[in-house]
1. What tally of residues in region 117-139 results from selecting those that are part of a helix (DSSP H, G or I), closer than 17 Å to Tyr69 by Cβ and in contact (Cβ under 8 Å) with a residue 12 or more places away in the chain?
2. Within region 18-28, is there a residue that is at pLDDT 80 or above, part of a loop (DSSP other than H, G, I, E, B) and more than 18 Å from Val97 (Cβ to Cβ)?
3. Since Cys38 meets every condition but one in (1) at pLDDT 90 or above; (2) buried (at least 16 other Cβ atoms within 10 Å of the Cβ), which condition does it not meet?
4. Answer yes or no: is there a residue in region 59-82 that is touching a strand residue (DSSP E or B) at 6+ places or on another chain (Cβ under 8 Å), touching a residue at least 40 places away in the same chain (Cβ under 8 Å) and more than 17 Å from Pro167 (Cα to Cα).
5. Report the residue count in region 36-68 for those that are in contact with a Pro (Cβ under 9 Å, 6 or more places away or on another chain) and in a helix (DSSP H, G or I).
6. Let me spell it out: the conditions are (1) in a loop (DSSP other than H, G, I, E, B); (2) modelled with pLDDT under 80, and Leu161 meets all of them except one. Which number is the exception?
7. Please verify whether Asp59 is touching a Lys or Arg at 6+ places or on another chain (Cβ under 9 Å), charged (D, E, K, R) and either modelled with pLDDT of 90 or more or surrounded by 19 or more Cβ atoms within 10 Å (Cβ to Cβ) (or both), treating the condition exactly as stated.
8. I'm told Gln54 meets every condition in (1) within 27 Å of Leu147 (Cα to Cα); (2) free of Cβ contacts under 8 Å to residues at least 60 places away in the same chain; (3) not acidic (Asp, Glu) except one. Can you identify the failing condition by its number?
Amino acid sequence: MVECTFSGPQDLAPSEQLIRTPGKWKLFVDGSVAWKKCGAGLILSCPEGFEICQAIRFDFPYTNNEAEYEALLAGMELARSLEAKHLRAFSDSMLVVKHISGEYEQRDPRTKAYATKVKDASLSFETFELSQTGRENNEWADALSRLASAETHNLTGSIYLAEAKTPSIEKK
């Protein structure tokens, strides 16, 4: 929390110090399915350049496409909780990006539910963009997703490892 605390101008009242300068936040996401382990990685950058890296281990089975959606939803939730207003997200999953843009139709009910959840979550932002990026530009999020799906018990440092018990589409 200390790393993310915003210290506004000192001459403002405490309730007014939460004023944030407008700017686009950037989010890089990736999902991973390896053996029996599943995970997601995300990197969220504020307009000033501060980055939050997160690895999420999932305690439920899913496909690689569902892992990509879970990573995107987790990153959007983190951005929303930090009061981001303008978010530009990047994923190396062409399928997810084209589902959200409407270029591809979602035929699978679970995929349709994930796409709906992402579209609903995007309404939390004044502007939201999702773009496809090459794997070479997404290697840090990929590394975090692989870390989350690996056998690791003692992570230290500034990587936040979370565990999700249920898929996002099953939450209200």
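The values are calculated or read from the model by the stated rules, or taken from the named source; none is laboratory data. Note that the structure is a prediction, hence the values are computed from the model and not measured. A quick note on method: Cβ atoms are made from the backbone with ideal geometry, for glycine too, and the neighbour counts reach across all protein chains shown.
1. 5
2. Checked region 18-28: at least one residue is at pLDDT 80 or above, part of a loop (DSSP other than H, G, I, E, B) and more than 18 Å from Val97 (Cβ to Cβ).
3. (1)
4. Yes: one or more hits.
5. Summing the residues that are in contact with a Pro (Cβ under 9 Å, 6 or more places away or on another chain) and in a helix (DSSP H, G or I) in region 36-68 gives 1.
6. Failing condition for Leu161: (1).
7. No.
8. Only one criterion is unmet by Gln54, namely (2).
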